[in-house]
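Asks: Can you keep this structure in mind? I'll have questions shortly.
The values are calculated or read from the model by the stated rules, or taken from the named source; none is laboratory data. Here the structure is a predicted model, which is why all the values come from computation and not from measurement. Here Cβ is always computed from backbone atoms with ideal geometry, including for glycine, and neighbour counts include all displayed protein chains. Please note that ligands, DNA and RNA were not included when accessible areas were found on the heavy atoms of the full protein model with its side chains. Shrake-Rupley method; radii C 1.70, N 1.55, O 1.52, S 1.80 Å.
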Amino acid sequence: GIAGAASRITGTMAKGVAAITMDEEFQQKRREAMNRQPTGLKEGLARGGKGLVSGFLSGITGIVTKPIKGAQKEGAVGFFKGFGKGLVGAIARPTGGIIDMASSTFQGIKRYDDSCFCFLFTCLRFRTDEVNSTH
């Protein structure tokens, strides 16, 4: 349905934003988190909120940690590369977190809709079988 399509679209957008960070570790953690489907609306909202907070925190901390890691690997050149990655990440990671939040929420809505549909279908089928067996 609509929630499933919206989830796929926002998931693809967030994947692209994560690629902009040029941080393979961040991308891998994000992939692992997003590959676990929420079981329902509540879990979808919780995961979305967690992704949002994580995006903001990693964006802020990356401003400091990326230049340090870069300097440890490549000296002064690595420091400036890390500084650039930190600045890009400061914008891309929170943006990705916002989009991931939407995607997780849509996944939860989809799961909720699917479970409601299955419950309704089972109830209607049971009732139809009951009516047919009495006639």
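Asks: With respect to the cross-link table entries LYS42/LYS66; LYS42/LYS85; LYS50/LYS110, which display a Cα-Cα separation exceeding 27 Å?
Replies: Too far apart for the 27 Å limit: LYS42/LYS66; LYS42/LYS85.
Asks: Working with all protein chains in place, sort PHE56, PHE80, PHE26 by solvent-accessible area computed with a 1.4 Å probe, largest first.
Replies: PHE80, PHE56, PHE26
Asks: What net charge is computed for the residues neighbouring PHE79, neighbours being all others with C-beta under 12 Å from the C-beta of PHE79, Lys and Arg scored +1, Asp and Glu -1?
Replies: +4
Asks: Within 10 Å, count the other beta carbons around each residue, average over each peptide in 37-47, 66-76, 88-98, and list them highest first.
Replies: 88-98, 37-47, 66-76
Asks: So, counting K/R as plus one and D/E as minus one, what does the shell of residues with Cβ under 12 Å around ILE60 add up to?
Replies: Neighbourhood net charge equals +2.
Asks: Now, a different point. Heavy atoms only, probe 1.4 angstrom, no DNA, RNA or ligands counted: give me SER54, SER103 ranked by accessible area, highest first.
Replies: Descending order: SER54, SER103.
Asks: Right, next: Roughly speaking, to the nearest percent, how much of region 1-102's 1.4 Å accessible area is carbon and sulfur?
Replies: 70
Asks: Put a dot 7 Å past each Cα toward the Cβ at LEU87 and PHE56; how far apart are the dots in nm?
Replies: The answer from the label model is 2.4 nm.
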